[in-house]
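Report on the structure given below.
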Amino acid sequence: MWPMFSSRYRLCDLFDIPIYVSTSFLVLLVLFILDFGSFSYGLSMALVLALSVTAHELAHALTARAFGYRTTDITLSLLGGCASMISLPRKASQEFLTALAGPLMSFALAGAAKLLIVFGFHLNSLYLWHVLTYAFWINVMLGGFNLLPGFPMDGGRIFRSAMRLFLTRAKATLVAMWVGRGFAILLGLKGLWSIFNGGSFGFITVLIAWMIWQEGYREYRLALAVAL
């Protein structure tokens with residue numbers, strides 16, 4: 001769990017994995033309400049995002065469990081979700097599949113939402129149509145964004161697992177870290193542009209870029225310690 005979001009509350013347990021929500025998630029909730037201009041719409045969309053992120057993280061956790069690795073908890077925060085594992089999959093193939101599971105779940109949820117829209121399960125309700133449409137797009141974006149090479153995001157882990165075919169774990173992590181930091185710089189610049197042009201979520205983008213920069217180095221140090 002990122003230190004800046006350490007205050008959290010337990011919501012429930014799913015598949016014997018505790019689900020927590022950080023107090024910082026309230027900031028995201030307020031942003032959604034302001035962005036949609038409606039309390040009911042903003043709250044609904046924030047809940048759709050929370051459920052989508054939880055499903056995404058559960059996919060990681062359950063895939064890791066299949067390989068014998070335990071997840072202590074999942075926490076929802078301002079920056080999305082984080083599945084805390086006692087140890088990460090050691091084999092490159094296991095890391096690849098565990099990282100890929102989250103985006104695949106997001107794309108599956110997007111597909112389910114699209115089917116509900118196409119087959120008219122919104123029952124002529126404009127409100128439900130908006131919720132399903134948002135569920136489709138947010139999961140497409142969750143899946144797509146997480147596949148970008150911002151190590152230690154999913155795409156960065158997939159990239160590292162590929163690099164481990166040619167390099168040691170530590171060296172592969174170093175390469176993934178610097179590729180991720182390059183992505184973090186671009187993401188941070190995009191966030192700053194959004195802030196100066198009135199975007200509601202620009203500062204969150206900057207925080208995500210900062211997280212990628214910091215956490216990538218932490219992962220590299222961990223890989224070095226394991227290699228010793």
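The values are calculated or read from the model by the stated rules, or taken from the named source; none is laboratory data. Being a predicted model, the structure only gives us computed values, none of them experimental. Virtual Cβ from ideal backbone geometry, glycine too; neighbours counted across all protein chains shown. Remember, those area values only see protein heavy atoms, side chains included, never the ligands or the DNA or RNA. Shrake-Rupley method; radii C 1.70, N 1.55, O 1.52, S 1.80 Å.
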Quiz item: Considering only residues of the range 81-96 that are polar (S, T, N, Q) and in a helix (DSSP H, G or I), which is most open to solvent (accessible area, probe 1.4 Å)?
Solution: Ser93
Quiz item: Considering only residues of the range 61-80 that are in a helix (DSSP H, G or I) and open to solvent by less than 50 Å² (accessible area, probe 1.4 Å), which is farthest from Met141 (Cα to Cα)?
Solution: Ala64
Quiz item: Which one of Tyr20, Tyr9 is among the aromatic types (Phe, Trp, Tyr), open to solvent by 70 Å² or more (accessible area, probe 1.4 Å) and within 25 Å of Trp210 (Cα to Cα)?
Solution: Tyr9
Exercise. Looking only at the range 51-60, decide whether some residue is surrounded by 14 or more Cβ atoms within 10 Å (Cβ to Cβ), modelled with pLDDT of 95 or more and over 21 Å from Phe136 (Cβ atoms).
Key: yes
